[in-house]
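Report on the following structure.
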Amino acid sequence: MELILDYLQKQNRPYSATDISANLHNAVTKANAAKLLKELSDSGDLVVCVSEDIANMSTTVESLKVRTPTLKSELKTLQVTLQTLRSMPTADDLESQVGNLQQEISDLRNRLEPLRSGDVKPISAEEKQKLHMEVKRMQGLWMARKRWYKEFFDAVSDGMGGDANPQDLKERMNIDDTSEIEERIAAVKKLARLQ
């Protein structure tokens, strides 16, 4: 009995008494196999599917196959919603941001207060024009000095002979000719356009 039950569990599919007897190489006779199968079925160790159960299961499987695409689509929508919710800031983050923004608003109001009260004298158009002219003069001077520096440095590197590359020479001498002046000039030009 154990031999047949073990065999059926390992194979995990239904067999007739003849098949069991043949597959077990006549370790159990066909008549005994039929008798033992009946006993296993009666004791509940072996489940026999009735054709009605199989039909019901087939119907259930088909209905589940029909529902599967809908459920997959719903799952995808819910996953996107979950991802969106996870990417949103938490209540603590929002409180922190609100606090920072309120502080920034307070600072800006404090800076605006003297301007609104009239304590600061506005710049006249004539003074503004003078400042623009001074900025342009300084830009021209800076550009000329930059050009002189480049010419001088190129002449020095040429005078060193050989394969002296000006950029390599600057690196060896730890000269950093990038400056914040260009950024400041760009900022002044932008400010001049806004006014």
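Taking the chain, how much of its Cα-Cα pair set, in percent, is spaced more than 22 angstrom apart?
79 percent
Between residue 81 and residue 125, what length in nm is gained on full extension when 0.36 nm per residue of separation is reduced by their alpha carbon distance?
10.2 nm
When the dipole is taken about the Cα centre of region 1-109, and only Lys, Arg (+1) and Asp, Glu (-1) are charged at their Cβ, what size is it in debye, to the nearest 20? If you can, show how the numbers build up before the last one.
Working: 11 positive and 15 negative charges, 113 e Å.
The dipole magnitude comes to about 540 debye.
Could you sort out which of 136/170; 10/35; 146/170 sit more than 18 Å apart by Cα distance in this structure?
As for pairs spanning more than 18 Å Cα to Cα, those are 136/170; 10/35.
Between 0 and 90 degrees, rounded to the nearest ten: what's the tilt of helix 2-11 against the longest Cα principal axis of the chain?
The two axes meet at around 40 degrees.
7 Å from Cα along Cα→Cβ at both residue 139 and residue 174: what's the point-to-point distance in nm?
3.5 nm
Only counting other Cβ atoms within 10 Å, I'd like 132, 25 sorted with the fewest neighbours first.
With the sparsest Cβ surroundings first, the list reads 25, 132.
Residue by residue through region 117-131, what is 3J(HN,Hα) from phi via Karplus (6.51 cos²θ - 1.76 cosθ + 1.60, θ = phi - 60°)? Round to whole Hz and write x for glycine and proline.
Here the 3J(HN,Hα) series is 6, x, 5, 9, 7, x, 7, 6, 4, 5, 5, 4, 5, 4, 5 Hz.
The numbers here are math on the coordinates, done by the rules we state, and not lab data. On a predicted model such as this, the values are computed, not experimentally measured, just so you know. All Cβ positions, even for glycine, are placed from backbone atoms using ideal geometry, and neighbour counts span all protein chains on display.
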